[in-house]
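Chemist: Before I ask anything, here is the structure I am working with.
The values are calculated or read from the model by the stated rules, or taken from the named source; none is laboratory data. Keep in mind that what you see is a predicted model, and the values were worked out from it rather than measured. Ideal geometry is used to build each Cβ from the backbone, glycine not excepted, and the neighbour counts take in all protein chains shown. Heavy atoms of the whole protein, side chains included, go into the accessibility calculation; ligands, DNA and RNA do not. Shrake-Rupley method; radii C 1.70, N 1.55, O 1.52, S 1.80 Å.
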Amino acid sequence: MDATQIDGVRRFNRTVTERVGVLHDHYLGLDRPVAEARLLWEIGVQGRDVRWLRERLGLDSGYVSRLLRSLETDGLVTVEPQPEDRRVRSVRLTDAGRTELAVLDRRSDELAGSLLEPLNADQRARLVAAMAEVNRLLTAATVTLDVVDPERPDAQHCLRSYFAEMQERFETGFDPARSLLPDAGELRPPHGVFLVARLHGEPVGCAGLKLPPGAPAEIKRMWVDPRTRGLGLGRRFLAELEARAARHGCEVLRLDTNKALTAAIGLYHSCGFQEVAAFNDEPYAHHWFEKRITTPRSG
């Protein structure tokens, strides 16, 4: 990143916050700031639990509690513990809250229209397309990659999703018992690492790295949730695992894959992997790849 890029982002932020009216305490002409209005939108007619709201908006528990108390005082929401687990609190809109949400929706539509109305048809199309691209890239930048134990719930969720997708996509189906699955200990430091990608706190992808002593590093079980494909997570996983393998002193990075995973095969080629002869007897593999990597210089 250079200074010009940073300045461009800041200028864009100033323009957007001014134009959509979030600088005012009375967002969209109502008697509440944008944070409370956004909370009403996220709660929606179906209701949400408080933990989900915190994760979705990236807010600390104290601030969310203050926002919810204000909405409760105004009679717009109710906050109650869930019967099955009283540690989890659910938020639902009251009749007054649903009425205000409808007003927010209508005025938000009017604001969107006011942004588009001064533009001609070509400019409107360009603006909406640019907004979609900005939304996609900002969503990609929101995803975090975290090292987790492969037996933790988020990791297991991703692995189960991975196995289910392979079952659907492989010609022969997929039986984990037949595959060369790494033992969980092989994906824990110092023998390996397991990454989970999260978007708004929800797991949306995983990738493991085996670091056997005296042998090439190997990428295992890389999967990205179909809902978040197109955000560059596969490429990001590969770059992160390559960097970790290089820091570990590895000079070669390996992986294998099934012929049905054509998008993944294209990704590996574009990231500098070269197809090689089979280096294992994985029954579900049709292609084997290697990449020479550079170990960082010390000092």
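Chemist: Is it fair to say A35 is under 24 Å from the mean Cα position of the chain (by Cα) and among the small types (G, A, S)?
Modeler: Judged against the criteria, A35 is a match.
Chemist: May I ask you to list pairs of residues, at least six apart or on different chains, whose Cβ atoms are under 7 Å apart, with the first in segment 266-279 being open to solvent by less than 50 Å² (accessible area, probe 1.4 Å) and the second being assigned to a helix (DSSP H, G or I)?
Modeler: L267/G234; L267/R235; C271/R235; C271/L238
Chemist: If you don't mind, there's one more thing I want to ask. Can you tell me which residues in segment 1-24 are of a type outside the set (D, E, K, R), more than 18 Å from A130 (Cα to Cα) and outside any helix (DSSP H, G or I)?
Modeler: Residues satisfying the conditions are M1, G21, V22, L23, H24.
Chemist: Still on this structure, I have one more. I'd like to know if segment 96-111 contains one or more residues that are acidic (D, E), open to solvent by less than 40 Å² (accessible area, probe 1.4 Å) and under 23 Å from G201 (Cβ atoms).
Modeler: No, segment 96-111 has no match at all.
Chemist: Exactly one condition in (1) loosely packed, with under 13 Cβ neighbours inside 10 Å; (2) outside any strand (DSSP E or B); (3) of a type in the set (K, R) is not met by R86; state its number.
Modeler: (2)
Chemist: Next question, about the same structure. Counting only residues that are among the aliphatic types (A, V, I, L, M), crowded, with 22+ Cβ neighbours inside 10 Å, under 22 Å from the mean Cα position of the chain (by Cα) and assigned to a strand (DSSP E or B), how many does segment 197-233 have?
Modeler: Adding up the residues that qualify gives 7.
Chemist: Identify all residues within segment 131-165 that are open to solvent by 90 Å² or more (accessible area, probe 1.4 Å) and either in contact with a strand residue (DSSP E or B) (Cβ under 7 Å, 6 or more places away or on another chain) or outside any helix (DSSP H, G or I) (or both); write none if there are none.
Modeler: E151, R152
Chemist: Would you point out the residue of segment 236-256, among those that are in contact with a Pro (Cβ under 9 Å, 6 or more places away or on another chain) and assigned to a helix (DSSP H, G or I), that is surrounded by the most Cβ atoms within 10 Å (Cβ to Cβ)?
Modeler: Among them, the one singled out is A245.
Chemist: Can you go through R124, R66 and tell me which one is charged (D, E, K, R), farther than 17 Å from Q46 by Cα, touching a helix residue (DSSP H, G or I) at 6+ places or on another chain (Cβ under 8 Å) and in a helix (DSSP H, G or I)?
Modeler: Working: R66 fails: touching a helix residue (DSSP H, G or I) at 6+ places or on another chain (Cβ under 8 Å).
Testing whether each residue is charged (D, E, K, R), farther than 17 Å from Q46 by Cα, touching a helix residue (DSSP H, G or I) at 6+ places or on another chain (Cβ under 8 Å) and in a helix (DSSP H, G or I) leaves just R124.
Chemist: Here's another thing I want to ask about it. Pairs needed: first member in segment 166-193, over 21 Å from A285 (Cα atoms) and open to solvent by 90 Å² or more (accessible area, probe 1.4 Å); second member anywhere, aliphatic (A, V, I, L, M) and assigned to a strand (DSSP E or B); C-beta distance under 9 Å; at least 6 residues apart or different chains.
Modeler: If the second residue must be aliphatic (A, V, I, L, M) and assigned to a strand (DSSP E or B), the pairs left are P189/V147.
Chemist: To continue, here is another question. Within the set of pairs 6+ apart or on separate chains, which have a first residue in segment 80-107 that is of a type outside the set (D, E, K, R), a second that is open to solvent by 90 Å² or more (accessible area, probe 1.4 Å) and assigned to a strand (DSSP E or B), and C-beta atoms under 7 Å apart?
Modeler: Cβ pairs passing all conditions: P81/R89; S90/E80.
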